[in-house]
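The values are calculated or read from the model by the stated rules, or taken from the named source; none is laboratory data. Just so you know, these numbers come straight off a predicted model, no measurement behind them. A quick note on method: Cβ atoms are made from the backbone with ideal geometry, for glycine too, and the neighbour counts reach across all protein chains shown.
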Amino acid sequence: MFDPWPVARVFALPPGVDFPKALVHGLVERFAEKPPEALAQVHLIVNTSRMARRIRELFDAGPARLLPRVSLLTEVDRHIAATDLPPRMPPLRRRLQLAQLISHLLDREPDLAARSSIYSLADSLAGLMDEMQGEGVPADVICGLDVSDMSGHWARAQRFFKIAETYLHDLDGQTMDSQARMRQAVIGLIASWQKAPPANPIILAGSTGSRGTTAMLMAQIARLPQGAIILPGYDFDQPESVWAGLDSALHSEDHPQYRFKRLMQMMGVGPSDIHPWTDARPHSPARNRLISLSLRPAPVTNAWLTEGPGLRDLDRATQDVTLVQAPDPRSEALAIALRLRQAAETGQTAALITPDRMLTRQVAAALDRWDILPDDSAGLPLQLSPPGRFLRHVAGLFAHRLTGEMLLTLLKHPLCHAGDGRNTHMLHSRDLELRLRRHGPPFPAAQSLGDACSSLSSLPPQTWIDWLTMQFCARDTTAALPLTDWAAMLRQTAETLSAGSCAAGSGTLWEKNAGQKALAVLDDLDSEARNGGTMNARDFADLLGALLSSEEVRDRDAPHERIMIWGTLEARVQGADLLILGGLNEGSWPEAPDPDPWLNRALRDRAGLLLPERRIGLAAHDFQQAANAPEVWLTRAQRSDDAETVPSRWLNRLMNLLNGLPDQNGPDLLRGMQTRGQIWLDWAAELDAVDESRPAIRPSPRPPVAARPRRLSVTEIKKLIRDPYAIYARHVLRLKPLDPLVKAPDPLLRGIVVHDFLEEFIKASVAQPEILTRSAFLEMADQVLARSVPWPATRRLWLARLDRVASSFLENERDRQSVAMPVEYEAGLDFQLAPLDFKLVGRADRIDRDTAGALRIYDYKTGAPPSKAEQALFDKQLLIEAAVAEEGGFAKLGPTPVAAAEFIRVGAPGNDVPAPLDSEPTAKVLAELRRLIAAYFDPEQGFTARRMLQKDTDVSDYDQLARFGEWDRTTIPIPEDLT
């Protein structure tokens, strides 16, 4: 196939050329005059399975011919020369074994890292080991690095290096790490070729040689008598002087052509020894030259001044380039989606290329409105798929105490009870949710959950209740168990929850692509669990999350055949009429280097490992390759969710270069690129445009008098004065706020618990006056809190608050009991407000009777009690209770004079606040109350929203219904008659 070659045989194809298509075309041309079987003797090694599939598709397109042997670069160790090597170690086994070693280290030295980071540290350490083995760096080199002049962090990192060194040393010889086996296979293959070079052609195509083992193999294949390598995206326009400047990794690693320079040094060839594989030319050679010049290494950007004026045909270089600088990510995604939609309608093949997965999801969501499903090469992370989320929730049952939120999250998951009786299950789950929201408890147990189910309006069958209590309750444990037990518990629980209470099996949990992928993860975990040792439930949940996050799943629905979403690697091996390079911002493309917990840049260079800039250089090469496609879109968002963005360095360079070439009309051509992009942004804005709506009026509804409330509680009178709309919404529309699902120790619960405690304590003190002591007060408070508050931290906090007020409360209580004794607790109030057809109801916390027979009414306040002025104008609870008591509104007491009424402050140190009975006599209070109620029986009186709220920051349960925010307190309310 090849004539003798004086140096290593290296071919290349320029950026912008469809690499697989040109590769196949060059093979076919070289074998055009040879027998049909000659092509079948070629061994073609490619770097990705996607490229291998594309090559087979091109051959399958015809005419009929024998195919070369195509294999993957990652499978070199499976060739015949590697049969004497131990098998590959499963990645999960290594991860589990490293995690155990790290766990033991953290047990001895807990200050090194948090236990929650065990699996991320294991993965990171495994990645470092792969890199060491791929680059041929022994562990003792890393451990021997001199860190004496550096911070203590690097010295601590060496303790983890010892783990890697010990682990690699202690391998039993029955298995090998993947990268170590790969390197040994390549070394063995090279040794066998040196003894007996293969007679058949061997071609390695598509790799940049960025890894040490790969570069070593490429250098050897290029020297074989019938061997060759074919480089993708080689810049033939780059001058010799620039190639000569790409010597230092520290300064040139981020250049797109640096890997080729290093490869040429290994093979002893220069740029003049690199020959085109075919005569295929990029769509726009002028654009290739423009992109090449814009990407020159930073130390030699002065070449812009010397070579820039020599650029020609800039108009042809930029005519098929569109620059979209969107104001925000949504606009960027929508503009991209519109262009992809046009491509689908006109029959173009189009691909969005970006490493930004958030952008791809936004574009896919925008395309969904036109029923276009793009062919996404990456798919969805398994942890975000329905089975992945379900398994993580189930693992959470083992790690955390069951809460109402956890319970309902699982019950309402589409994979829970997915078999027979799903509809009935959802009905019972809805009723149970309402019951838990209203009555709790915050941490359901088997007994409380069974009682809650028994009180539902639609009583669930006993089988459903048993399934609920057995599978969800008391699953959390603090014990350390073998990983085999955790894996078995997870599978059994997940399958039982998915099958439901009416069937056996696993329901629909393992169906479809996502379910099958999740099942494969659990099968792999089962097979390797014996290597995981023991762990607690939280560590197991972390492990499961790490395993699921490392897998991706693609939907089995048939995607659109011409609309694709690719990662940056696909730009090397695919061709399309239109390539959209999205997310061109710093931190997105190129992505910010991952923080390295082990070695800084200087130590990496000293050890002979890859520098962080390597990934940037590979991304730059992908950009150069994709930016030379027939039609290109360059897109970015000028602002992210929270800050201004910085354009990608490559886009910035291109724009600066064009702006610096006024003699070649560069600035105008750049504006033309931006104008073409702005057209699509304007269309995207029109697509998202909505008709302007006028702000809502400040409501003041006037329902029919017959529909107005005829019964209110005493505490609602304050609301009727301050926010009448809330009374209308609750009693006329009958809308009640939905209680929160997540029960929290909020002020409402605190008030209820403190009221219960004080009632219990005062009752006991009446029978035993000697317990009016600080120790007895706090002891009983502790007992009540332990019974009623399931949050330990909250119990301590609330007990501390009671401790602060104990002395003053007890002193005042002794004074109160010296003049009167409690006769009623939670006294019921039921009073007909004659002559109006209206009833007042409510409860008084406590009523005492003094020696003269007069009543003293008390109300406990855990918050700040209202002042006398506030009571006179708005907060009339105690005043109304006093007036009603004198009229006989408390049935058990009869009409009785009231000597005093007082708010007792128990939330924080401070004075109690009496009701102003002197200035607000009971007759006056009742007269004003009758006028207030009578006013709201007037058809002309509206229930105005937020009529007299004390502060603008006060929140009403019905602010959203009233559209508050579209109006404010200065807005004049507009009455509205309702029928």
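Quick one: would you say LEU932 is surrounded by fewer than 17 Cβ atoms within 10 Å (Cβ to Cβ), within 56 Å of the chain's Cα centre (by Cα) and outside any loop (DSSP other than H, G, I, E, B)?
Yes; evaluated as a whole, the condition is true for this residue.
State yes or no: is ASP420 at pLDDT below 90 and more than 29 Å from the chain's Cα centre (by Cα)?
yes
Going through region 446-476 one residue at a time, which ones are aliphatic (A, V, I, L, M) and surrounded by 15 or more Cβ atoms within 10 Å (Cβ to Cβ)? Spell out the reasoning first.
If we filter region 446-476 for residues that are aliphatic (A, V, I, L, M), which is where we start, we get 446, 449, 452, 456, 459, 465, 468, 470, 474.
Correct list: ALA446, LEU449, ALA452, LEU456, ILE465, LEU468.
What is the number of the single condition among (1) out of contact with any helix residue (DSSP H, G or I) (no Cβ under 9 Å at 6 or more places or on another chain); (2) in a helix (DSSP H, G or I) that GLU940 does not meet?
(2)
Among the residues of region 377-427, how many are basic (Lys, Arg) and more than 21 Å from ALA546 (Cβ to Cβ)?
Final tally of qualifying residues: 3.
Which of the residues spanning region 305-343 are assigned to a helix (DSSP H, G or I), among the aliphatic types (A, V, I, L, M) and under 11 Å from LEU681 (Cβ atoms)? Give the derivation first.
Start the filter on region 305-343 by keeping residues that are assigned to a helix (DSSP H, G or I), which leaves 305-310, 314-318, 329-343.
Next cut, among the aliphatic types (A, V, I, L, M) only: 305, 314, 317, 333-338, 340, 343.
Hits for region 305-343 are LEU334, ALA335, ILE336, LEU338.
Testing LEU840 on (1) part of a helix (DSSP H, G or I); (2) buried (at least 17 other Cβ atoms within 10 Å of the Cβ), one condition comes back false. Which one is that?
(1)
Considering only region 657-709, how many residues are touching a Gly at 6+ places or on another chain (Cβ under 9 Å), farther than 30 Å from PRO939 by Cα and buried (at least 17 other Cβ atoms within 10 Å of the Cβ)?
Result for region 657-709: 5.
Return a yes/no flag: does region 745-761 have any residue that is without any contact (Cβ under 8 Å) to a residue 12 or more places away in the chain, in the same structural domain as ILE857 (by TED's automatic domain parsing) and small (Gly, Ala, Ser).
Within region 745-761, none of the residues are without any contact (Cβ under 8 Å) to a residue 12 or more places away in the chain, in the same structural domain as ILE857 (by TED's automatic domain parsing) and small (Gly, Ala, Ser).
Tell me, which helices (runs of 4 or more DSSP H) lie completely within region 1-108 with 2 or more residues that are outside the structural domain of ILE274 (by TED's automatic domain parsing) and basic (Lys, Arg)? Give the derivation first.
Values: elements: 19-30, 36-40, 49-60, 91-108.
Filter on region 1-108 gives 91-108.
Yes/no matrix, rows are residues, columns are (1) assigned by TED's automatic domain parsing to the domain that holds ALA351; (2) over 30 Å from GLU345 (Cβ atoms); (3) part of a helix (DSSP H, G or I); (4) within 22 Å of the chain's Cα centre (by Cα):
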| site | (1), (2), (3), (4) |
| --- | --- |
| ARG491 | no, yes, yes, no |
| SER498 | no, yes, yes, no |
| ALA503 | no, yes, no, no |
| SER506 | no, yes, no, no |
| LEU547 | no, yes, yes, yes |
| THR568 | yes, no, no, no |
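Of LEU578, LEU569, LEU548, LEU543, which residue is surrounded by 17 or more Cβ atoms within 10 Å (Cβ to Cβ), out of contact with any Asp or Glu (no Cβ under 9 Å at 6 or more places or on another chain) and more than 17 Å from LEU384 (Cβ to Cβ)?
Only one candidate passes the filter, namely LEU543.
For (1) assigned to a helix (DSSP H, G or I); (2) of a type in the set (Ser, Thr, Tyr); (3) surrounded by fewer than 19 Cβ atoms within 10 Å (Cβ to Cβ), each residue gets a yes or a no:
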| residue | (1), (2), (3) |
| --- | --- |
| LEU204 | no, no, no |
| ALA219 | yes, no, no |
| GLN238 | no, no, no |
| SER241 | yes, yes, yes |
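How about region 7-36: which of its residues are modelled with pLDDT under 90 and among the acidic types (Asp, Glu)?
The answer is ASP18, GLU33.
Out of LEU670, LEU681, I need the residue that is over 35 Å from the mean Cα position of the chain (by Cα), in a helix (DSSP H, G or I) and within 30 Å of ARG287 (Cβ to Cβ). Which one?
Of the residues listed, the single one that is over 35 Å from the mean Cα position of the chain (by Cα), in a helix (DSSP H, G or I) and within 30 Å of ARG287 (Cβ to Cβ) is LEU670.
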